[in-house]
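Since the structure comes first, as structure tokens, the remarks are kept for the end.
The values are calculated or read from the model by the stated rules, or taken from the named source; none is laboratory data. None of these values were measured; they are calculated from a predicted model. A quick note on method: Cβ atoms are made from the backbone with ideal geometry, for glycine too, and the neighbour counts reach across all protein chains shown. Side chains are part of the model used for accessible areas, which takes the heavy atoms of the whole protein and leaves out ligands, DNA and RNA. Shrake-Rupley method; radii C 1.70, N 1.55, O 1.52, S 1.80 Å.
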Amino acid sequence: MLETRIVDRIRKLAEDGPHNKQIITAIGDDCAILRPRVGEDLVFTTDFVLEGRHFTLDTHTAADIGHKALARSLSDLAAMGAEPVFCLVGLGIPAALGSSWINQFYKGLLKLANRLSITVAGGDLARFEKVITEVMCCGRVKRGKAILRSGAKPGHAIYVTGKLGGPAHTRWRRPLRPEPRIQAGLALRRLRVSSGMDLSDGLALDLHRLCLESKVSADLRSPLPVARGASLEDALHGGEDYELLFTAPTRARIPAAIDHVPITCIGVIKSGPPGSLRLDGRLLQPKGFDHFR
Ligand SMILES: [Mg+2]
């Protein structure tokens, strides 16, 4: 099948989706054009989703992979408290997978895009030995109001959304369709939380990174919100949770749930050695998922 015919079909699928008015031209031209508004900052992120690393073709359908490819990037927008604007989708696939696979991939991706109102504004297609995807997402926040990793201060409480460790517990045994916490991120920005990030590589390693950026340490307290069937080890070090980790001054009014997602206080920020973690008083190693270990 000719690439132009595949691209035409993707274009038709994408045109049925949400269209952000800031996108002046999208699929069909060499670039997408975004017209920025006064008083906003644009935030950008990009994430790989790779065969053999984030999924296998035995456990994930094309639609599962499309969902996950977009969800990973959207989770980063949620972490910053940003509203989704547009995404660009890179996809490499082996010759054995035909145009119907590509169609299903885009259907899975666009179903999530429609639900969370993000425009698919372009991308690239290529033949490759394995399935490889990279989705770049752009979001918008009120100027100077993005949630950063660097704002945690001693005395601030530490929170997470949802339950942790479920994906680690079931890894490779069922497809993961993570739900990016966009609504929670927008609400947290309005609540003026002091710092935040999304949990992709495990609570311990990600909290360690947040503490390094904020030059603080953290004391965690049991019980942590562990997903049903998962172990404490899964919750601390498993990764792929795509929940939000954030801190807030004790005077902030953090609700028990946002958009039906529970929020749990799991500890407090301290002034100890930057990046060091304790759980119930004992040192905790930040050993989650590190691609370069
Ligand atoms: Mg992230």
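Would you check which residues across the stretch 211-228 are surrounded by fewer than 23 Cβ atoms within 10 Å (Cβ to Cβ) and either more than 25 Å from HIS169 (Cβ to Cβ) or within 13 Å of the ligand (Cβ to nearest atom) (or both) and list them?
Passing the criteria: LEU212, GLU213, LYS215, SER217, ASP219.
Exactly one condition in (1) touching a Lys or Arg at 6+ places or on another chain (Cβ under 8 Å); (2) without any contact (Cβ under 8 Å) to a residue 24 or more places away in the chain is false for LEU176; which is it?
Condition (2) is where LEU176 drops out.
Can you tell me which residue among PRO262, PRO273 is outside any strand (DSSP E or B) and either in contact with a Pro (Cβ under 9 Å, 6 or more places away or on another chain) or open to solvent by 50 Å² or more (accessible area, probe 1.4 Å) (or both)?
PRO273
How many residues are in contact with a Cys (Cβ under 7 Å, 6 or more places away or on another chain) and away from the ligand (no atom under 16 Å from the Cβ) if we restrict to the stretch 35-76?
Of the residues in that region, 1 qualify.
Of all the strands (runs of 3 or more DSSP E) wholly in the stretch 106-210, which have at least 2 residues that are β-branched (Val, Ile, Thr) and within 15 Å of the ligand (Cβ to nearest atom)?
Of the strands (runs of 3 or more DSSP E) lying wholly inside the stretch 106-210, those with at least 2 residues that are β-branched (Val, Ile, Thr) and within 15 Å of the ligand (Cβ to nearest atom) span 157-161.
I need the full set of residues from the stretch 35-69 which are open to solvent by less than 40 Å² (accessible area, probe 1.4 Å) and assigned to a strand (DSSP E or B), in order please.
Passing the criteria: GLU40, VAL43, THR45, ASP47, VAL49, PHE55.
Among the residues of the stretch 91-134, what is the count of those that are within 17 Å of ARG11 (Cβ to Cβ) and touching a Leu at 6+ places or on another chain (Cβ under 8 Å)?
Summing the residues that are within 17 Å of ARG11 (Cβ to Cβ) and touching a Leu at 6+ places or on another chain (Cβ under 8 Å) in the stretch 91-134 gives 16.
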